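Q: This structure is in structure tokens; I'll ask about it shortly.
The values are calculated or read from the model by the stated rules, or taken from the named source; none is laboratory data. The structure displayed is predicted, hence computed values, not measured ones. Cβ placement follows ideal geometry from the backbone for every residue including glycine, while neighbour counts extend to all protein chains displayed. Protein only, heavy atoms only, side chains kept; ligands, DNA and RNA dropped before computing areas. Shrake-Rupley method; radii C 1.70, N 1.55, O 1.52, S 1.80 Å.
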Amino acid sequence: KMTQQMRDIQLAQARKPPGPSSPNAAKRLYRNLSGKFRVNYTSFDEGSLAGRGEKEKLRKSYLFQSNAALFEAVELQDLDRVQELLKQYSPEELDLNTPNSEGLLPLDIAIMTNNAPIARALLQAGAKESPHFVSLESRSLHLSTLVREAEQRVNELTAQVVNEAPNADCSEKEKQLKAWEWRYRLYKRMKAGFEHARVPDAPTNVHLSVASSSSVQVTFWEPLSVNSAVVTKYKVEWSCSPTFSPPLGEAVIDKLKNLHFTIRGLVSGTAYYVQVSAYNMKGWGPPQASVPPFAIPSNWREYDGRAPRRRGQAEALDHLLGQVKTVHQHCVCHEPCKNQPQSRKHSVSKSLKHLFHPGSKFLKTLKRGLYLTAIFYKDDNILVTHEDQIPVVEIDDTYSCLLMQDFLWFTKVSCMWDEILWLRQCVTVSQSSCSCILQTRFKMLLAISQMQGLLGIQDLGQVFFEPVKDKQGNILIVTLKEVKTNQTFESVRWVPICKLQTSRKSVSSPGEPTALDTLLISVQDKLAYHQRSSHALSPGLYLGYLKLCSAVDQIRVLVPEQLPNILCHVKIRTNPNISREEWEWLQKMASVEESVPADPEAETSQNHLFQELQVAIKELMTLVNIPLQEAKDFRLYSQEVLDFGGQVSFLLLLPPSDDVCTAPGQNNPYTPRSGFLTLPLQIFELGEER
């Protein structure tokens with residue numbers, strides 16, 4: 001018998017003893033043991049064990065109990081317990097895909113009892129169906145055998161209980177009888193579930209899109225039918241023929257967390273047809289053709305043969321910087337530095353002791369002038385000097401009005417923290433001109449070097465997008481850096497931000513707050529800005545809104561507070577690629593006076609993009625508080641798609657040409673809701689590069 005053969009194999013492998021004697025016993029097994037197999041066996045005192053072998057036996061014992069508990073939880077349809085076990089143990093620790101003595105896997109029991117929630121949880125954890133069920137006939141035969149043998153065992157035990165006098169053995173027989181009656185009902189339910197099931201319907205919402213010049217992506221949803229058995233895998237097929245004869249390839253998807261597949265290695269410019277079918281224990285269902293029915297691998301750059309904007313730029317800039325360094329390295333002013341090491345390789349723990357050295361040059365109070373402060377933070381703590389002050393050094397005590405161009409120059413220098421010594425030497429060469437600007441910038445470089453030397457850290461972090469000022473004429477340039485390491489440093493003082501703010505309030509003067517007071521009051525906002533400015537968008541195509549406003553000395557750009565390194569935006573779709581056909585359609589739309597609505601019945605990628613853009617524009621207009629009727633005067637930027645690393649791309653939505661940049665004093669009738677800020681354009685560009 002097939003069942004007997006499976007049992008012989010399982011017993012030979014010593015996989016699993018027979019199940020519990022009753023449903024109540026099953027519940028007690030996996031619930032009462034729950035506290036035991038939550039114990040971390042690696043925490044036992046190894047001295048109390050007879051050696052590594054005994055420790056390994058103990059480990060296997062707990063894992064065996066967890067495997068048994070999983071089977072019982074599935075049989076008893078306890079979804080919460082199944083999820084708890086899957087979260088607590090890995091699939092390997094649970095032996096998730098090792099059959100029990102009946103030749104069944106947890107997933108087999110779930111799908112044949114038609115318990116879709118448990119089956120989906122198991123599938124997402126990597127569960128498989130039993131490899132013994134190679135055909136419908138073998139599965140049917142196996143279930144019939146299980147039912148017949150369970151029924152036979154029930155009849156035998158019933159006869160024994162009826163014929164024997166009441167005693168201890170009879171009580172044990174009654175327990176066995178109840179357990180086998182319960183198992184008999186389980187097997188009958190599994191057999192009925194299999195017999196009443198049918199092959200799955202076709203998947204729904206099968207959408208095909210162009211992923212690149214050599215790939216297409218298909219996404220799909222589960223079949224709509226609720227009467228068929230749980231789907232356990234899908235098959236994606238592709239061909240150059242709409243009849244799929246001959247087929248070019250196929251792929252089976254059994255990891256069902258994300259229902260999508262990318263077909264790679266295709267020929268650009270060739271049409272590919274795709275269809276998807278679903279599988280359950282009754283077999284493969286009918287295929288569903290994609291919408292649109294075919295896709296042609298391509299990219300928008302193929303429309304006019306345009307090369308990537310940034311190709312080779314980084315290498316060219318590095319080469320240019322190397323040439324500049326070569327020209328300057330033989331200058332007289334550089335001779336003293338030849339004997340100096342290229343970098344001060346102080347350990348952070350040693351160099352941070354300078355924070356607490358009484359002779360350090362950090363300032364406690366400000367007078368009228370320009371200063372540099374560095375904020376290092378970890379979680380809710382901030383690094384302070386031995387006097388519980390944020391590190392501050394002086395840039396210029398005669399400079400009371402920071403010019404925007406000097407500040408923007410400083411932010412560019414922040415991209416070259418490792419090159420400060422070299423930059424100082426270069427500026428020294430040109431100081432004979434006595435330029436006021438050069439002198440100020442040289443003092444900035446000196447202050448940076450001083451801060452780096454006192455902290456022993458070259459990277460001072462990111463410059464906050466605007467300096468902090470007070471009415472006494474003090475100006476603070478603020479840098480921010482998060483310390484993510486868990487390393488503890490000797491003598492370093494990390495102070496909770498709230499404690500530092502409280503102590504600062506107690507010593508502040510009752511008059512106007514100083515720049516340091518203002519900095520501490522708003523430090524959480526600045527730290528939040530710093531963290532948000534490093535966040536990245538998830539892969540996809542986005543619609544961005546470009547809105548500028550100008551002042552006397554700068555142009556500012558509107559950005560969301562939650563992602564200040566990105567324009568105001570909404571997501572169009574998860575696929576970042578714009579195909580050649582889609583870009584050609586966008587060019588035609590941009591060249592006509594009146595927009596040409598797409599045919600809603602047409603199954604084309606252009607029509608799908610048109611619908612996606614309609615939804616995105618409505619969402620974006622609501623986001624920035626612009627009436628939808630005003631959007632008719634807006635236009636899409638049709639010169640290029642903005643590409644960021646291949647995984648994120650942007651289409652830009654522009655206001656009318658007269659409204660792209662609001663001039664000083666010009667009335668802006670539509671003010672964005674809260675949650676936005678304006679950054680200097682150069683700061684935004686630097687943040688985007690980071």
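Q: If I compute solvent accessible area with a 1.4 Å probe over the protein chains, what percent of it on the range 239-279 is carbon and sulfur?
A: 53 percent
Q: Report the net charge of residues surrounding PRO106, where surrounding means a beta-carbon distance below 11 angstrom and charges are Lys +1, Arg +1, Asp -1, Glu -1.
A: Surrounding charge for PRO106 is -4.
Q: With a ≥ b ≥ c taken as the square roots of the eigenvalues of the C-alpha gyration tensor of the range 207-298, please select rounded if a/c is under 1.5 and otherwise prolate if a/b is larger than b/c or oblate if it is not?
A: Judged from the Cα gyration tensor, the range 207-298 comes out prolate (a/c at least 1.5, a/b above b/c).
Q: For the range 207-298, what is the percent of antiparallel DSSP beta bridges, rounded to the nearest 5?
A: In the range 207-298, DSSP labels about 95 percent of beta bridges as antiparallel.
Q: Quick check on the range 57-196: take the gyration tensor over C-alpha atoms, sort the square-rooted eigenvalues as a ≥ b ≥ c, and tell me if it's rounded (a/c under 1.5), prolate or oblate.
A: oblate
Q: Could you give the accessible area per residue of the range 57-196, probe 1.4 Å, as a whole number in Å²?
A: Heavy-atom accessible area per residue stands at 47 Å².
Q: Leaving ligands, DNA and RNA out of it, report the carbon-plus-sulfur percent of the accessible area of the range 57-196 at a 1.4 Å probe.
A: Looking at the range 57-196 in its full context, I get 51 percent from C and S.
Q: Using the structure shown, list the pairs from LYS469/LYS618; LYS526/LYS547; LYS87/LYS499; LYS443/LYS499; LYS87/LYS233 with a Cα-Cα distance above 30 Å, or answer none.
A: Those over the limit are LYS469/LYS618; LYS87/LYS499; LYS443/LYS499.
Q: Could you work out how far the C-alpha centroid of the range 258-292 sits from that of the range 436-482, in angstrom?
A: That distance is 57 Å.
Q: Would you please calculate the Kirkwood hydrodynamic radius of the range 148-235 over all C-alpha pairs and express it in Å, rounded to one decimal?
A: Hydrodynamic radius (Kirkwood, Cα pairs) of the range 148-235 is 17.5 Å.
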